[in-house]
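Some notes on the structure that comes next.
The values are calculated or read from the model by the stated rules, or taken from the named source; none is laboratory data. On a predicted model such as this, the values are computed, not experimentally measured, just so you know. Neighbour counts are summed over all protein chains in view; Cβ atoms, including those assigned to glycine, are modelled from backbone coordinates with ideal geometry. Just the protein is used for accessible areas: all its heavy atoms, side chains included, with ligands, DNA and RNA removed. Shrake-Rupley method; radii C 1.70, N 1.55, O 1.52, S 1.80 Å.
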Amino acid sequence: MVNTVDSKKTFLMLPSDQDASGRTLGHEEIELVSDAIRSGTLTSTKGTYVKALEQKFAALIGVQYAYACASGSAAVHVAVAAVDPEPGDEVITTSITDMGALAPILYQGAVPVFVDVDPRTWNVTAETIEKAISDRTKAIIVTHLFGNPCEMTEIIALGKRHGIPVIEDTAQSFLATHNGQVVGGIGDIGCFSFQQGKHITAGEGGMVTTNDAAFARRMELFINKAWGYGDPKPDHYFLAPNYRLTELQGAVLVAQLAKLKPVVARRQATAQQLTNKIADLTGIQTPWIGDRNTHVFWKYCLRVDSSVIPGGAVALATWLKDNYGIFSAPRYIQKPAFRCQVFQEQRTFGDSRFPFDRARPEVLDYSEAKFPGTYQGLEEVLVLPWNEAYTEQHINYIADALMDAIDHLNTSNFN
Ligand SMILES: *Cc1c(COP(=O)(O)O)cnc(C)c1O
């Protein structure tokens with residue numbers, strides 16, 4: 001017997017981060033943007049909003065330097081450029097992340113070295129990173145995926161032991177903490193994104209943070225065509241793009257930043273409510289959070305056990321969509337990052353294959369056996385969209401949908 005669902009059932013629309021229903025954009029942003037426009041100064045080199053944003057952001061993360069830039073991808077590019085790898089040097093990164101964290105490594109002529117993840121969190125660990133360290137490793141980039149921090153204590157210790165800087169991709173993890181420290185301020189450089197779907201947004205935008213004066217100098221220059229603003233004899237000191245944010249975005253983000261703490265608190269509170277309601281369901285596991293960490297729930301990820309729920313995460317996602325109108329994402333990214341064409345076919349600059357042509361063969365060996373946690377993690381994950389505008393009604397709806405789904409899918413197992 002397959003449970004059927006009343007076809008007249010009306011779906012509850014969940015607030016979406018792609019429109020006003022699930023964004024905190026309001027009159028505060030409108031007022032500041034209007035002020036920026038009235039000022040007639042829309043470039044950050046002369047205006048006040050981006051500078052104010054940088055100061056407030058540095059204070060919030062607890063770092064000495066913060067520089068705004070065009071996107072989260074730009075932020076990672078700035079970080080890699082600050083480290084200044086030689087062509088063919090290696091940058092360790094994760095096999096599950098946004099392409100915006102990977103392309104910048106190639107643009108700076110370095111070779112991404114993919115490492116495996118812990119399938120409980122989809123995050124890299126000191127153990128997986130250590131296996132990939134070589135005498136050509138120039139930096140380690142960790143992504144705090146879905147809002148859940150990596151186990152930074154061990155990763156920082158590993159970096160220090162080898163003299164390798166650690167870059168934190170914090171695009172999904174504003175104000176998450178490890179051992180009481182805010183992520184993005186733990187490693188040598190932090191990278192953030194203000195893209196439409198992140199905790200706070202100006203449509204696009206990014207930020208880099210550091211406590212290191214030498215990195216800070218290179219980061220600020222790299223965003224500004226390496227022009228030495230304010231220097232006695234300024235010049236374009238090295239190759240660098242214009243990655244500046246506009247004052248329009250700066251104004252929006254000054255208003256958004258003031259809302260970040262409540263946004264995070266709302267997401268955490270509703271995530272806890274859902275966890276309480278579904279913790280006992282068989283076949284799914286609620287988010288695993290390390291003892292030393294706080295999770296800021298960019299997304300709420302379940303692990304689906306396909307030995308209990310036939311068809312696993314894919315079947316559960318289809319069922320939630322068809323019967324409750326809930327759009328979740330099985331697999332998050334469809335395949336490990338290294339399976340994308342850019343890496344498989346080494347499509348970079350013309351036919352050169354640069355910088356892959358300079359890579360050690362073992363770092364280009366993307367065989368499945370090297371990435372058990374990645375394959376298991378992508379197989380199991382079901383990414384539920386998460387939002388600060390969720391109310392108790394939304395949480396009850398999601399919880400009911402999951403209970404109903406698991407009932408239904410487990411029943412169908414015994415046909
Ligand atoms: C969104 C994101 C990026 C890229 O940021 P953009 O602003 O979209 O360029 C990089 N890394 C991670 C982990 C992200 O989630």
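Report P(r) for segment 27-259: all Cα-Cα distances, bin width 5 Å, range 0 to the bin holding the largest distance, values in whole percent.
That works out to 1, 7, 15, 20, 20, 16, 11, 6, 3, 1, 0, 0, in percent per bin.
From the square roots a ≥ b ≥ c of the eigenvalues of the alpha-carbon gyration tensor of segment 1-134, which class results: rounded (a/c under 1.5), prolate (a/b over b/c), or oblate?
Cα axes put segment 1-134 in the oblate bin.
Can you send over the solvent-accessible area of K138, 1.4 Å probe, protein chains only, in Å² to the nearest 10?
It works out to around 70 Å².
For the chain, what does the convex hull of the Cα positions come to per residue, in cubic angstrom?
It is 153 Å³ per residue.
With +1 assigned to the C-beta of every Lys and Arg and -1 to the C-beta of every Asp and Glu, and no other charges, what is the dipole magnitude of the chain about the Cα centre in debye, to the nearest 20?
580 debye
Using Cα positions and a limit of under 28 Å, work out the lysines in reach of K9, with same-chain residues fewer than 8 apart set aside.
Hits, sequence-local ones excluded: K277, K299, K321.
Which angle from 0 to 90°, rounded to the nearest 10, does the C-alpha axis of helix 260-278 make with the longest principal axis of the chain?
Taking Cα atoms only, the helix is inclined about 30 degrees.
Under 26 Å Cα to Cα from K233, which lysines show up? Leave out anything in the same chain fewer than 8 places away.
Answer for K233, where 26 Å is the Cα cut-off: K46, K51, K225, listed by chain and number.
Counting only protein chains, not ligands or nucleic acids, how are Y229, Y107, Y397 ordered by accessible area (probe 1.4 Å), most first?
Descending order: Y107, Y229, Y397.
Order these peptides, 184-194, 118-128, by their mean beta-carbon neighbour count within 10 angstrom, highest first.
On the way: 184-194: 27.3, 118-128: 21.5.
Result, highest mean Cβ count within 10 Å first: 184-194, 118-128.
For segment 168-306, what is the largest minus smallest coordinate of the Cα atoms on each principal axis, given in angstrom and ordered from greatest to least?
In descending order, the Cα extents are 67, 29, 29 Å.
Can you pull the accessible area of E151 for me, 1.4 Å probe, Å² to the nearest 10?
So the heavy atoms of E151 present about 50 Å² to solvent.
Quick check on the chain: helices-only [θ] at 222 nm, where DSSP H runs of length 4 and up contribute -39,500 (n - 2.57) each and the sum goes over total residues. Nearest 500, please.
On the way: 13 runs with 148 residues, N = 415.
Result for the chain: -11000 deg cm²/dmol, rounded to the nearest 500.
Please provide three numbers in whole Å: the alpha-carbon extents of segment 245-315 along the principal axes, with the largest listed first.
53, 25, 21
Can you give me the % of accessible surface on the chain that is carbon or sulfur? Probe 1.4 Å, all protein chains present, nothing else counted.
Here carbon and sulfur together make up 52 percent of the probe-accessible area.
Any chance you could look up the accessible area of Y243 with a 1.4 Å probe, heavy atoms only, rounded to 10 Å²?
Number for this one is 50 Å².
Below 12 Å, Cα to Cα, which aspartates and glutamates can K138 reach? Residues fewer than 8 away in the same chain don't count.
Cα-Cα hits under 12 Å: D84, E86, D89, E90.
Pick from V342, V296, V111 the residue whose mean-square fluctuation is largest in a GNM of the chain, springs joining Cα atoms under 10 Å.
Fluctuation is largest for V342.
Taking a 1.4 Å probe, which of M13, M403 shows the most accessible area, and what order do the others take after it? Provide the component values of the computation, followed by the final result.
On the way: M13 160, M403 70 Å².
Per-residue accessible area, sorted high to low, gives M13, M403.
Can you work out the accessible area per residue across segment 27-259, with the rest of the protein chains kept in place, probe 1.4 Å, in square angstrom?
Result: 36 Å² of accessible area for each residue.
Considering Cα pairs under 8 angstrom that are at least six residues apart, work out the relative contact order of the chain and quote it in whole percent. Let's see the in-between values first.
On the way: 842 pairs, mean separation 89.6, N = 415.
In percent, rounded to a whole number, it is 22.
Which order do R266, R347 take when ranked by solvent-accessible area (1.4 Å probe, heavy atoms of all protein chains), largest first?
Ranked from most to least accessible, the order is R347, R266.
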